């Protein structure tokens, strides 16, 4: 009987992606943390962790994360946020900075099957940008790729180069993909239109501004997914908190309904 139980468990683990008639719901957040320096000048990780925990996300994409930098008191920020929210943490270095590292992060309720950090293509003399990729499997058996990234803020041609690189890497992925992060681009901009060739925007009908947090003037933080017809948006939300960061946290609840 014990052997039979083990065989059943192995079979369930290797079952294919959940079928269309059994939709899987995923709660997603993306948040540019401004290296966890709050707008009052403090480093209140508990406040940031509470914002994340209150939404109860399955996956979180984080940008501008410090890892053991001097300015952040040598704290491993992604690990500390993971510990406070009971989510598995993953860090991807973008650059060396201030005796430590600076980059993107992911938190996940389900851990990670695989992960990889990609350096994005860039025009010479601009700051390096990166994308952190994780392969995740939910308790319902849905396997998908989750991406956290932060595009160039200084030059639109550079952003266009970077989104084309993202499309090249993941446009033909066999697995469903969720892309989240600070794109530094407005909804009507060419970089976002280039992404639309492959991706559906969670906020297509509700373009709430996300930056700056105190008095938001534009939307530059996004959650996107592909294949476009495989996902249904259930809810979208921008968390109105002007203390935690210079960006607002962006949230979506989506269902994977399968390819048509």
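The values are calculated or read from the model by the stated rules, or taken from the named source; none is laboratory data. None of the values given here were measured: they were computed from a predicted structure. In this analysis, Cβ positions are derived from the backbone assuming ideal geometry, glycine residues included, and neighbour counts consider all displayed protein chains.
Screening the candidates 223, 239 for the property of being in contact (Cβ under 8 Å) with a residue 60 or more places away in the chain, within 16 Å of the chain's Cα centre (by Cα) and over 18 Å from residue 148 (Cα atoms) yields one hit, 239. Quick check: anything in the stretch 139-146 surrounded by fewer than 21 Cβ atoms within 10 Å (Cβ to Cβ), over 14 Å from the mean Cα position of the chain (by Cα) and not in a loop (DSSP other than H, G, I, E, B)? Yes: one or more hits.
The single condition among (1) out of contact with any helix residue (DSSP H, G or I) (no Cβ under 7 Å at 6 or more places or on another chain); (2) touching a residue at least 60 places away in the same chain (Cβ under 8 Å); (3) part of a strand (DSSP E or B) that residue 57 does not satisfy is (3). For residues that are part of a helix (DSSP H, G or I) and without any contact (Cβ under 8 Å) to a residue 40 or more places away in the chain, scanning just the stretch 165-181, find the one that is farthest from residue 197 (Cα to Cα). Ranking the qualifying residues of the stretch 165-181, first place goes to 168.
State whether the residues of the stretch 9-19 include one that is within 24 Å of the chain's Cα centre (by Cα), under 15 Å from residue 108 (Cα atoms) and either at pLDDT below 95 or not in a loop (DSSP other than H, G, I, E, B) (or both). Checking the stretch 9-19: not a single residue is within 24 Å of the chain's Cα centre (by Cα), under 15 Å from residue 108 (Cα atoms) and either at pLDDT below 95 or not in a loop (DSSP other than H, G, I, E, B) (or both).
Scanning the stretch 38-68 for residues that are within 19 Å of the chain's Cα centre (by Cα), crowded, with 16+ Cβ neighbours inside 10 Å and at negative phi yields a count of 16. Take the conditions (1) surrounded by fewer than 19 Cβ atoms within 10 Å (Cβ to Cβ); (2) at pLDDT 95 or above; (3) farther than 20 Å from residue 133 by Cβ; residue 95 misses just one of them, which is (3).
Conditions tested, residue by residue: (1) crowded, with 16+ Cβ neighbours inside 10 Å; (2) assigned to a strand (DSSP E or B); (3) in contact (Cβ under 8 Å) with a residue 24 or more places away in the chain.
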| position | (1), (2), (3) |
| --- | --- |
| 70 | no, no, yes |
| 81 | yes, no, yes |
| 101 | yes, yes, yes |
| 104 | yes, yes, yes |
| 123 | no, no, yes |
| 132 | yes, yes, yes |
| 135 | no, yes, yes |
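For the stretch 112-121, the candidate set comprises residues that are outside any strand (DSSP E or B) and without any contact (Cβ under 8 Å) to a residue 40 or more places away in the chain; within that set, the residue that is surrounded by the fewest Cβ atoms within 10 Å (Cβ to Cβ) is 113. Scoring residue 259 on the criteria (1) in contact (Cβ under 8 Å) with a residue 40 or more places away in the chain; (2) touching a strand residue (DSSP E or B) at 6+ places or on another chain (Cβ under 9 Å) leaves a single failure, condition (2). Can you tell me which of 155, 125 is modelled with pLDDT under 95 and out of contact with any strand residue (DSSP E or B) (no Cβ under 8 Å at 6 or more places or on another chain)? Answer to the selection: 125.
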